[in-house]
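Everything below concerns the one structure shown next.
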Amino acid sequence: MIAAPASSAAATRAAATPPAANPAVADGTAPVAVTRLDLSDFRCYRQARIDLDMRPVALAGPNGAGKTNLLEAVSFLAPGRGLRRARLGEVDRIGGGAWAMAATIQTPAGPVAVGTGRDPEGEGRERRIVRIDGQSLRGQAGLAGVAGIVWLTPLMDRLFLESAGGRRRFLDRLVYGFDPDHAGRVAAYEHALRERGRLLRERSADRAWFDGIEEQLAGQGVAIAAARRELATAIGHAAAEGVGPFPRPVLAMTGAVEDWLGEMPALAAEERMRAALAAGRRGDAESGGAAVGPHRSDLRVRHAAKDMPAEQCSTGEQKALLLAIVLADVRLQAAARGVPPILLLDEVAAHLDGERRTHLYDEILALGVQAWLTGTDADLFAPLADAAQHFRVVDAIVTPR
Ligand SMILES: Nc1ncnc2c1ncn2[C@@H]1O[C@H](COP(=O)(O)OP(=O)(O)O)[C@@H](O)[C@H]1O
Ligand SMILES: [Mg+2]
């Protein structure tokens, strides 16, 4: 109830805001956008090229046409397993070879050429190749430095109901947009965690080795927890300033490391985590994990006006809360870095009522975000008119409308 006046005031404000004509410039943000996408043997696409400008992208077409596959391709321009979290081999077109894609991403620093795909020489081990401007990267973390990519898909409808891992990954992707090094830190932390697990399994008695790994885990672990905690708070504040007709979310990271960060300086929290890991070796050897660290934290979200945990809200409310979080994040990123992320919204527009859809479109245009929107009905995107680029997707063929 407390939040009701704030959100209705924001709704009034949003409704009163005329759609900006040249928003990115007016807002002072420098847009980031995919301007070319080349796919080969990517799911239903044997070969496809799409040329784009900086505007939002509306993809309309029947079920099974290949819309989500296009969004999945864009999601591979971020570190990780893409928006379906598929195994790399699953993405290979059935009957085709190893998938590959090339994209041009416009950034404030100029165009960047990104190539990625499944390594055909992987010999049973799945490995994703990543090239930026022709240079091969070790790992994928470097992608986070090119563009922030954030998505909402129907697969995330159960994000609040399922494991904490999904929520951590969701927040981590948002953090990449503020601190591209976060991706590398999370990858290194997870690697070190596996190394320590291996030492414990092998009953290693090498104290120096444990000490070294645990010191690294503590340093990276506290940095990861601090970044997540800071962003969760900042998104909560950004959302409090107005999410239009969407319900206001309250975000909090929960976990031991987060608690310590609330009570002591980061260096002391690091020392605390290091000591906890050293003291927990025996127990961790039994359980086969690590009892303490940001890999055990969770993102808790509440519906402010109802004062209710997100997981107890209706499916529709949960979707609306997620969208409110994503929009607050985009706004925050545009303000903090002057660069909004690319936003992938799969089957989102159809589930919104008119007021919410109008607010979503206004916000996308006002922030100068290249949002990729999908739906079965082209009429959904009619209000965007020339402010967006419209495509029809049928049987894996993409044509401008
Ligand atoms: N590895 C693959 N090889 C060939 N086709 C695939 C592969 N994976 C998925 N598909 C097909 O791609 C089609 C389009 O999927 P999708 O992009 O999800 O459609 P939609 O337009 O409804 O979002 C589906 O018919 C699916 O069977
Ligand atoms: Mg789809």
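The values are calculated or read from the model by the stated rules, or taken from the named source; none is laboratory data. Small disclaimer: the values here were computed from a predicted structure and weren't measured. Note: ideal-geometry Cβ built from the backbone for every residue, glycine included; neighbour counts use all protein chains shown. Accessible surface is based on the protein model in full, side chains and every heavy atom, while ligands, DNA and RNA are left aside. Shrake-Rupley method; radii C 1.70, N 1.55, O 1.52, S 1.80 Å.
Here are the numbers for the structure shown:
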quantity	calculated
Base-10 log of normalised Debye intensity for the stretch 146-256 (one unit scatterer per alpha-carbon) at q = 0.10, 0.11, 0.16, 0.17 Å⁻¹	-0.39, -0.47, -0.86, -0.94
Sites Ser204 and Ala113 - FRET efficiency at Förster radius 35 Å, r taken between beta-carbons, to 0.05	0.20
Kyte-Doolittle mean at least -1.0, axial Cα span of 15 Å or more - DSSP H helices of the chain	4-16, 164-176, 181-201, 207-240, 266-279, 315-337, 354-367
The stretch 31-124, relative contact order [Cα under 8 Å, separation at least 6], %	35 percent
Accessible surface, the chain, averaged per residue in Å² (probe 1.4 Å)	45 Å²
Residues listed by number, the stretch 62-105, amide nitrogen under 20 Å from Gln135 label point at 7 Å toward C-beta	77-80, 102-105
Inter-part distance where the stretch 226-279 and the stretch 327-367 are each reduced to a Cα centre, Å	24 Å
Taking N as its residue count, the alpha carbon Rg of the chain over 2.2 N^0.38 Å	1.02
The stretch 273-401, accessible surface, carbon-and-sulfur percent (1.4 angstrom probe)	50 percent
Amide H contacts under 5 Å for Trp372, placed H, 5+ residues apart	Val57, Leu343, Leu344, Leu345
Over the stretch 277-400: Kirkwood hydrodynamic radius from C-alpha pairwise inverse distances, Å	17.8 Å
Inter-probe distance in nm under a simple model that places probes 7 Å from Cα toward Cβ, at Leu161 and Ala278	4.5 nm
Note, ³J(HN,Hα) from phi for the stretch 386-395, Karplus 6.51, -1.76, 1.60, rounded to Hz, x at Gly and Pro	6, 6, 10, 9, 10, 10, 10, 10, 9, 6
Extension gain (nm, one decimal) between Ser314 and Glu230, 0.36 nm per residue minus Cα-Cα	27.5 nm
The stretch 294-347: relative contact order in percent, alpha carbon pairs under 8 Å with at least 6 residues between	16 percent
Cβ-Cβ FRET estimate between Ala252 and Ile397, R0 fixed at 35 Å, reported to 0.05	0.15
Selection of GluC sites (Glu not before Pro), the stretch 74-179, meeting DSSP coil and at most 16 other Cβ within 10 Å	Glu121, Glu123, Glu126, Glu162
Sparse-neighbour loop sites [trypsin sites (Lys or Arg not before Pro); the stretch 186-283; at most 11 other C-beta within 10 Å; DSSP]	Arg203
